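I have placed the structure first, in the form of structure tokens, so that the comments after it can refer back to it.
Each value in this text was obtained by applying a stated rule to the coordinates, not by laboratory testing. Since the structure is predicted, the reported quantities are computational estimates derived from the model, not experimental observations. We place every Cβ from the backbone using ideal geometry, glycine too, and count neighbours over all the protein chains shown.
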Amino acid sequence: MTEDLILETRGLTKEFKGFIAVNDVGMRIRRGTIHALIGPNGAGKTTTFNLLTKFHAPTRGTILFNGQDITTEKPAQIARRGIVRSFQISAVFPHLTVLENVRIALQRKLGLSFQFWRSERVLDQLNGRAMELLDAVDLGRFADLATVKLPYGRKRALEIATTLALDPEMMLLDEPMAGMGHEDVGRVTALIRKVAANRTILMVEHHLSVVEELGDTITVLARGAVLAEGTYAEVSSNPLVREAYIGVSDG
């Protein structure tokens, strides 16, 4: 039986003025799984994300999504295919309500992003779906609250809701637990598991306890290259991985 891959990279390489940030990276991400990308600082994780979402063009290599070569496509084309990245910046409008933030994301999906002159009646038609998304991330009771007043971890949940509004086939989560306290980490970990039920997630994460709990497959990068790949148990017992992580804290 052929492995059901949603995304594959072959020989993915990125050089910056002679410095090789990503070196011949080959990843095979199975549909419907949570795939974690980990490694020490400077390992090339963020650059790999930037290559996949086309914020950087690869120096060499190929990126396949659903079997189609997307290596030369632009960021907007990638998003239309259903690859959506979250958390690289705070992706919410602080002075709009929680509901309005999700409604704007739904407008983007419908191609109405900048049509702010549309009547309130037209925009209200999106409220039902917006509330469904808020309820899915346990934010329904905060719908009318100004986003700036949300606790930090809840803002991350709102970012997940706005990402889900774009109906992604594959979500790329860039350090979703960054800056969170223990309680928020537990809540957002549970939320990611919930939203992963019918889609594929690729995540960069420094909290190894989160990676252990969520990751179906772990790819370990070191100095821009793949050091190891497998389950958490397999990679965490790999001597090369343990050596790479000496002096690197779990956090």
Around Gly224, under 11 Å between beta carbons, what's the net of Lys plus Arg minus Asp minus Glu among the other residues? +1
Whole-Hz couplings from phi, Karplus 6.51/-1.76/1.60, listed for segment 192-201; x for Gly and Pro: 4, 4, 5, 6, 7, 4, 10, 8, 9, 10
Degrees, to the nearest 10: 152-165 long Cα axis against longest axis of the chain: 80 degrees
Simple SL model, points at 7 angstrom along Cα→Cβ for Gln125 and Arg30; separation in nm is 4.2 nm
Between the Cα axis of helix 127-136 and the main Cα principal axis of the chain, the angle (0 to 90°, nearest 10) is 40 degrees
Looking at (1) 18.4, 55; (2) 18.7, 61; (3) 17.4, 55, which value of Rg and Dmax of the Cα atoms in Å comes from a calculation on the structure shown? (2)
Full-stretch length increase - Asp135, Glu15 - with 0.36 nm per residue and alpha-carbon distance subtracted: 38.8 nm
For Leu221, distant residues with modelled amide H under 5 Å away: Ile38, Gly39, Leu227
With a ≥ b ≥ c from the Cα gyration tensor eigenvalues, square-rooted, and the rule rounded for a/c under 1.5, otherwise prolate when a/b > b/c and oblate otherwise, segment 178-237 is prolate
So, relative contact order of the chain in percent, Cα under 8 Å, 6 or more apart, is 27 percent
Cα centre as origin, Lys/Arg/Asp/Glu Cβ charges: the chain dipole, Debye: 760 debye
Using the basic label-point model (7 angstrom from Cα toward the beta carbon), what is the Ser209 to Ala178 distance in nanometres? 2.1 nm
Per residue of segment 8-15, what does 6.51 cos²θ - 1.76 cosθ + 1.60 with θ = phi - 60° give for ³J(HN,Hα)? Whole Hz please, x for Gly and Pro, Karplus curve as stated. 9, 10, 10, x, 5, 9, 9, 10
Just grab the label-to-label distance for Arg80 and Arg60, each label 7 Å out from Cα along the Cβ direction, in nm (one decimal). 3.2 nm
Set the Förster distance to 35 Å, then compute FRET efficiency between Arg193 and Ala146 from the Cβ-Cβ distance, nearest 0.05. 0.75
